[in-house]
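Q: Handing you a structure now.
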């Protein structure tokens, strides 16, 4: 993985091969878990970074649930390598990984990602079919069991924000739900999107403040400050509904409802010129600055057990 | 492969709530086949929308008629996709001797 080009976009096969290589290089630190199969039958993989023998409290990070947000999968690859590099070198990070496990799902929507490489670069959703409709796919960030089907998602299968026929109808979502539920000790859950330069916390489907709003707000402030310290990139932060828009059935509203207090979603770097087509030269700076925010959240999670 | 030749991405600036509502009207016009990369939310927040070539005139006329300002964020989506593809191929070629 030292020769892998982190400053380029890669296909699903290349990313999956990278994951295998990383596991082979660090068998005592990294393992690959298959948490399910996509609608089209692709494997859904999560990397587990662990220095223990039994399941510890854990941090979850996912990238690429919206397939066209390529800088997120590319950042996920960079994070994976960074974890293996910094463990044992960076004292803060080493302390985190000596106490907690980290799960990293780099390609959260493999069918959609493959579709962006083969047929339609602008594809966002899953690739599941809806009986009675010619339109394909469900927005996997509207398919979670938290305010499912309420305002802030579409009931139209042709819409990019179609919520699906029922909560967890998408196997890509259900696989994570089952994994998180079975694990039971996920303490921070961070879902990464692009672009807009935002760090968001619950709720998305209702205006009522989350019970932990004050702490989440303080932590967000610290995280975006750390992020900005590298290249000056400014992020806004706040609850989903107040900062961007009402969004029902979203990932972190479900994780928060499961008791995962540190539930956040990122919208990564926006240069104002490229949107989802962020040039590959931006991948490493984007990942680097995001890592600083992630570290802040991970360290806070370590120091504030619950 | 889906062809995005001539598609533009417009960055729309909604100065006040009435502008936001007007852009929401656009969002509902399915025949325009607009792809909102960043939807209308609140005044002051940028709205980004990919507009197919055949809908460009209608969308721009609509925005100008309602005095809603916009700029072209991406002139031709397909050109960027072609560049992206070339970069990926070049990166693969560079990586081969090392692997």
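Derivation of every value follows stated rules applied to the coordinates shown; laboratory data play no part. Not measured: the values here are computed from a predicted model. Here Cβ is always computed from backbone atoms with ideal geometry, including for glycine, and neighbour counts include all displayed protein chains.
Q: As a footprinting exposure proxy, order B:53, A:266, A:189 by other Cβ within 10 Å, with the fewest listed first.
A: B:53, A:189, A:266
Q: Please work out the Cα center distance from the stretch A:279-297 to the stretch B:1-26, rounded to the nearest Å.
A: 28 Å
Q: How do A:270, A:13, A:253, A:62 rank when sorted from fewest to most other Cβ atoms within 10 Å of their own Cβ?
A: Fewest to most other Cβ atoms nearby, the residues stand as A:13, A:270, A:62, A:253.
Q: Can you pull the mean other chain C-beta count within 10 Å for peptide B:30-43?
A: Mean inter-chain Cβ contacts per residue within 10 Å come to 3.
Q: Here's something else I'd like to know. Alpha carbon centre of the stretch A:1-34 versus the stretch A:234-255: separation in Å?
A: Answer, in whole Å: 31.
Q: Could you check what % of the DSSP bridge pairs in the stretch A:1-158 are antiparallel, to the nearest 5?
A: Beta bridges within the stretch A:1-158, antiparallel portion: roughly 70 percent.
Q: Sort the stretch A:201-241 into rounded, prolate or oblate with this rule: let a ≥ b ≥ c be the square roots of the eigenvalues of the Cα gyration tensor; rounded if a/c is under 1.5, and if a/c is not under 1.5, prolate when a/b is larger than b/c, oblate otherwise.
A: Judged from the Cα gyration tensor, the stretch A:201-241 comes out oblate (a/c at least 1.5, b/c at or above a/b).
Q: Additional query: Round to the nearest 10 and give me the degree value, 0 to 90, for the angle of helix B:17-27's Cα axis relative to the longest principal axis of chain B.
A: 60 degrees
Q: Let me confirm one metric for peptide B:44-51, namely the mean number of other chain beta-carbon atoms within 10 Å of its residues' beta-carbons.
A: 2
Q: Next up: For chain A, modelled as a GNM with alpha-carbon contacts under 10 angstrom, which of A:108, A:251, A:51 fluctuates the most?
A: The residue with the greatest mean-square fluctuation here is A:51.
Q: Given bins 5 angstrom wide, list per bin the percent of all Cα-Cα distances in the stretch A:11-141, short to long.
A: 2, 11, 19, 21, 17, 12, 9, 5, 2, 1, 0, 0
Q: May I pose another question? Report, for chain A, the % of DSSP beta bridges that are antiparallel, rounded to 5.
A: Approximately 40 percent, going by the DSSP bridge assignments.
Q: Given the DSSP H assignment, sum -39500 (n - 2.57) over each helix run of at least 4 residues in chain A and divide by its residue total; what's the result at 222 nm in deg cm²/dmol, nearest 500?
A: The helix-only estimate for chain A comes to -11500 deg cm²/dmol at 222 nm.
Q: Based only on other Cβ atoms within 10 Å, what is the fewest-to-most ordering of B:89, A:77, B:59?
A: B:89, B:59, A:77
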